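Written below as structure tokens is the structure these notes are about.
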Amino acid sequence: KKIFIEKAEKINAQSPSIEAFKAAATMMKAEFTALPNEKIQYFNAGKNALEMCLAKNQWNTECRFIRLTLQCKSPWFLGYHDNIAEDAQVVLDHLRLKYINIKIDFWKSAVSFMLAQTAIPKDIQTQLQQYQ
């Protein structure tokens with residue numbers, strides 16, 4: 001995780017996906033500080049950056065998946081779980097419409113991740129199974 005954070009902080013390229021990965025890296029920095037205030041600051045800064053990215057790029061599948069993973073893995077007491085079903089549905093719809101290629105390792109892993117998450121609605125998981 002530390003390597004991912006370091007690399008994300010150094011990337012200058014701008015694209016919606018890069019913005020989302022950088023926001024995720026900021027959120028992940030919360031794990032590496034002992035001070036509770038800093039943990040919340042990193043988490044909220046990354047969350048706000050990710051939400052701004054998605055406000056501008058609401059149909060970007062990779063950005064949706066990044067938010068989905070963060071919401072599935074965020075502690076429940078942080079209350080960052082409102083878009084899990086919505087993001088999972090967008091990924092499923094984009095698979096169905098062939099906007100994304102399931103033969104790419106990233107998306108194979110994405111589907112496997114989604115199938116392993118209890119927070120993702122069962123009806124979406126059932127439909128995702130055909131893409132494994």
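The values are calculated or read from the model by the stated rules, or taken from the named source; none is laboratory data. Bear in mind the structure is a predicted one, so any value in this text is a computation, not a measurement. Neighbour counts are summed over all protein chains in view; Cβ atoms, including those assigned to glycine, are modelled from backbone coordinates with ideal geometry. These accessible areas exclude ligands, DNA and RNA; they are computed on the full protein's heavy atoms, side chains included. Shrake-Rupley method; radii C 1.70, N 1.55, O 1.52, S 1.80 Å.
For segment 30-82, what are the residues that are modelled with pLDDT under 95 and aromatic (Phe, Trp, Tyr)?
Answer for segment 30-82, where residues must be modelled with pLDDT under 95 and aromatic (Phe, Trp, Tyr): Phe32, Trp76, Phe77.
Pairs only if they're at least six apart or on different chains, beta carbon under 8 angstrom, first in segment 86-105 and more than 20 Å from Asp123 (Cα to Cα), second modelled with pLDDT of 95 or more; list them, first residue then second.
Partner pairs satisfying both residue conditions: Tyr99/Thr61; Ile100/Thr61; Ile100/Val91; Ile100/His94; Ile100/Trp107; Asn101/Trp107.
Among what's in segment 33-47 and is among the hydrophobic types (A, V, I, L, M, F, W, C) and under 19 Å from the mean Cα position of the chain (by Cα), pick the residue that is most open to solvent (accessible area, probe 1.4 Å). Quick ask: steps written out before the conclusion?
We begin by selecting, within segment 33-47, every residue among the hydrophobic types (A, V, I, L, M, F, W, C); these are 34-35, 40, 43, 45.
Restricting the remaining residues to those that are under 19 Å from the mean Cα position of the chain (by Cα) gives 40, 43, 45.
Numbers: Ile40: 77, Phe43: 19, Ala45: 51 Å².
Among residues in segment 33-47 that are among the hydrophobic types (A, V, I, L, M, F, W, C) and under 19 Å from the mean Cα position of the chain (by Cα), the one most open to solvent (accessible area, probe 1.4 Å) is Ile40.
Only residues that are surrounded by 14 or more Cβ atoms within 10 Å (Cβ to Cβ), in contact with a helix residue (DSSP H, G or I) (Cβ under 7 Å, 6 or more places away or on another chain) and of a type in the set (Val, Ile, Thr): list them for segment 1-32, please.
Across segment 1-32, the qualifying residues are Ile5, Thr26.
For His81, all conditions in the list (1) of a type outside the set (A, V, I, L, M); (2) surrounded by 14 or more Cβ atoms within 10 Å (Cβ to Cβ); (3) free of Cβ contacts under 8 Å to residues at least 12 places away in the same chain hold save one; what is the number of the exception?
(3)
Filter segment 39-80 for residues that are outside any helix (DSSP H, G or I) and either touching an Asp or Glu at 6+ places or on another chain (Cβ under 7 Å) or under 15 Å from Phe113 (Cβ atoms) (or both) and give the result.
Hit for segment 39-80 is Ser74, nothing else.
Given the residues Ala8, Ala24, which is the only one that is closer than 22 Å to Gly79 by Cβ, part of a helix (DSSP H, G or I) and under 15 Å from the mean Cα position of the chain (by Cα)?
Ala24
In segment 1-21, how many residues are out of contact with any Leu (no Cβ under 9 Å at 6 or more places or on another chain) and within 14 Å of Glu62 (Cα to Cα)?
Qualifying residue count for the region: 4.
Could you please find all residues in segment 81-132 being among the acidic types (Asp, Glu) and part of a helix (DSSP H, G or I)?
Glu86, Asp87, Asp93, Asp105, Asp123
Just the residues that are of a type in the set (Ser, Thr, Tyr) and over 14 Å from Ile66 (Cα atoms), please, taken from segment 16-54.
Thr33, Tyr42
Note down all Cβ pairs under 8 Å where the first residue falls in segment 119-130 and is more than 16 Å from His81 (Cα to Cα) and modelled with pLDDT of 95 or more, the second is among the polar types (S, T, N, Q) and part of a helix (DSSP H, G or I), and they're at least six residues apart or on different chains.
So the pair list comes out as Ile124/Gln89.
Kindly list, by first and then second residue, each pair from a residue in segment 52-70 that is open to solvent by 40 Å² or more (accessible area, probe 1.4 Å) to a residue that is of a type in the set (Ser, Thr, Tyr), limited to pairs with Cβ atoms under 6 Å and residues at least 6 apart or on different chains.
Glu62/Ser17
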